[in-house]
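Report on one structure; see the data block that follows.
Each value in this text was obtained by applying a stated rule to the coordinates, not by laboratory testing. Note that this is a predicted model, so its numbers are computed, not measured. Cβ sites come from the backbone with ideal geometry, for glycine too, and all protein chains shown count toward neighbours.
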Amino acid sequence: MSQPDVEERRDLKAAATSHRGDRVFNGIVIAAAFTALVVLAGIAIFLGVQTIPAFQSQGLSFLTTTAWDINTDPPTAGIWGMLYGSVLLAVVGLVIAVPVSILLSIFMVFLAPKKLATALTNVIDLMAAIPSVILGLWAFYILNPTAEEWQELLNQYLGWIPIFENTSGNYLGTPFIAGFVLAIMMIPIITSVTREVLARTPPDLINAAESLGCSMSTMLRYVALPYGRGGIVGGVMLGLGRALGETIAVFFVLKIVFDTNWYHIIESGGGSVATLIVSRFGEVSGEFELSLLLAAGFFLFVMTLVVNVIANLIVARTGRIKS
């Protein structure tokens, strides 16, 4: 951070504490921030305590095995396949959502007429407000038949690539369909953040690039995208956090299996921690299985927290590089 920015922050802080009303408002804001931290810590502590019975029974195998059968003696439970499946689904969603979001943002900011850009902005904001259950029902009844045809074509023409290989002939309930649904949910988030960042590109930099004879693609490559790099990464990570915790929409379209589906994204079967919890929660056979599900939720919580920390580090680093 440059010296003028530091001095400006100090001036704002001094102004915020110079009047009684500002001091009251400042205290309310600080209290709200600490309340959020307290709630977050309370959730972490509650879930962490619930993992104790799971580790006492299963040990580290709870994180390294894929079986889930609590009716055996001793009971066997592990979430490795679900943890890996959560990451796989998120990656599939990101591969689809990130290019679409960036290209859509570029069109809205630099190419579309103002009225069209405003209309698209409203549509994107509306998409972000669609409940997960609605998207899940849409995917189950409308997307599934079309997605089956897409996957058959991928297997027919690109089946020599391992990720597009399908030996069973069953194209229902695949990670590809679930990832596509997640991408639809991530696109409004990533697009909104990216659009706001690109719209803040200094006009002087854009005019300077144009005066040097740069094409639109060159200006985007060397001016707009590097300037908004930190915000774009932050938007992508925000969308990733949404994907890791999504439950209902994925539950509608993914066939839950406990075996680890390493990379066959158009092969039927997969899972995620969130879908494991929602699929088993209504059939909990006792306090022990409930503690296992809460332990699974704790590790999903930790994974999401790690993603957010990494996002903050990346955004901070790209911000320093930009400055």
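Structure notes:
- Taking only the C-alpha atoms of segment 198-304, Rg followed by Dmax gives 22.3, 71 Å.
- Overall, segment 207-312 carries a charge dipole of about 400 debye about its Cα centre when +1 sits on the Cβ of Lys and Arg and -1 on the Cβ of Asp and Glu, all other atoms neutral.
- Bins of 5 Å, starting at 0 and running to the largest distance - Cα pair percent for segment 163-249: 3, 13, 17, 14, 12, 12, 10, 8, 6, 3, 2, 0
- Model label sites at residue 134 and residue 107, defined 7 Å from Cα along the beta-carbon direction, differ in position by 2.2 nm.
- Here, the chain has an Rg and a Dmax of 23.5, 76 Å when only alpha carbons are counted.
- D (Stokes-Einstein, µm²/s), Kirkwood Cα radius, segment 6-151, 1.002 mPa s at 20 °C: 99 µm²/s
- More than 23 Å apart - percent of Cα-Cα pairs taken over segment 81-162: 44 percent
- Taking 7 Å steps out from each Cα toward its Cβ at residue 26 and residue 141 produces label points 5.6 nm apart.
- Extension reserve of the residue 36-residue 73 stretch, reckoned as 0.36 nm per residue once the Cα distance is removed: 9.1 nm
- Degrees between helix 287-322 axis and first principal axis of the chain (Cα, 0 to 90, nearest 10): 30 degrees
- Estimated inter-spin distance, residue 310 and residue 156, nm [label 7 Å along Cα→Cβ]: 3.7 nm
- Sorting 186-195, 47-56, 231-240 by average packing, meaning the other beta carbons within 10 Å per residue, from highest down gives 186-195, 231-240, 47-56.
- Farthest toward positive dipole pole in segment 137-236 [+1 Lys/Arg, -1 Asp/Glu at C-beta], among 181, 214, 155: 214
- On Cα atoms only, tilt of 114-128 relative to the major axis of the chain in degrees: 30 degrees
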